[in-house]
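The values are calculated or read from the model by the stated rules, or taken from the named source; none is laboratory data. Everything numeric here is computed off the predicted structure, so don't read it as measured data. Quick reminder, even Gly has a Cβ in these numbers, built from the backbone with ideal geometry, and neighbours come from all protein chains shown.
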Amino acid sequence: MPLTITDTIQIEDWEITESFIRAGGPGGQNVNKVSSAVELRFEAARSPNLPDPVKRRLERLAGRRWTKEGAVVIQVTEERSQARNREIARERLAELIRRATEKPKKRIKTRVSLNQKRKRVEAKKKRGEVKALRGKVEE
């Protein structure tokens with residue numbers, strides 16, 4: 001079942017690799033027997049379904065989860081159920097890619113008005129005068 005990100009982006013099952021490992025933490029003896037933790041690996045750099053700008057933004061958003069080979073690795077050990085951990089990992093991947101599809105707004109440069117600069121200098125002068133009045137009084 002393909003993972004639907006947006007109307008235009010769908011990730012096929014063959015692009016995602018899931019491996020199951022034993023998770024630490026609470027769970028009693030069950031923790032030593034059942035491989036409930038999920039490590040999801042998505043080969044983002046080689047994915048034909050992602051446009052290049054989205055791949056670049058995804059690399060920046062993924063941070064340490066982005067490997068040198070260009071894969072996104074997501075590990076989930078939150079639940080005791082393997083199926084639930086798998087669901088959470090797929091949701092996290094989808095959300096990460098959704099965030100990468102959003103184009104950042106272009107920053108508009110602003111300038112400080114001349115009036116604001118004048119007010120700032122006046123305030124500094126007043127403050128300096130107040131401080132200059134402090135000091136020893138000469139008799």
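Computed quantities for the displayed model
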read-out: Selected residue (criterion: surrounded by the most Cβ atoms within 10 Å (Cβ to Cβ)) from residues of the range 93-133 that are under 30 Å from residue 75 (Cα atoms) and among the acidic types (Asp, Glu); value: 95
read-out: Long-range neighbours under 6 Å by Cβ, at least six apart or interchain, first residue within 18 Å of residue 92 (Cα to Cα) within the range 46-66, second of a type in the set (Asp, Glu) and assigned to a helix (DSSP H, G or I); value: 47/15; 66/59
read-out: Hits in the range 72-119 (condition: among the small types (Gly, Ala, Ser) and under 25 Å from residue 7 (Cβ atoms)); value: 89, 94, 100
read-out: Condition broken by residue 77, with the remaining ones in (1) modelled with pLDDT under 90; (2) closer than 22 Å to residue 8 by Cβ satisfied; value: (2)
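Quick grid of which residues meet (1) in contact (Cβ under 8 Å) with a residue 12 or more places away in the chain; (2) within 14 Å of the chain's Cα centre (by Cα); (3) in a loop (DSSP other than H, G, I, E, B):
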residue: 73; (1), (2), (3): yes, yes, no
residue: 78; (1), (2), (3): no, no, yes
residue: 84; (1), (2), (3): no, no, no
residue: 87; (1), (2), (3): no, no, no
residue: 90; (1), (2), (3): yes, no, no
residue: 93; (1), (2), (3): yes, yes, no
residue: 105; (1), (2), (3): no, no, yes
residue: 108; (1), (2), (3): no, no, yes
residue: 115; (1), (2), (3): no, no, no
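Table: residues versus (1) in a helix (DSSP H, G or I); (2) modelled with pLDDT of 85 or more; (3) over 24 Å from the mean Cα position of the chain (by Cα).
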residue	(1), (2), (3)
6	no, no, no
19	no, yes, no
28	no, no, yes
35	no, no, yes
50	no, yes, no
55	yes, yes, no
60	yes, yes, no
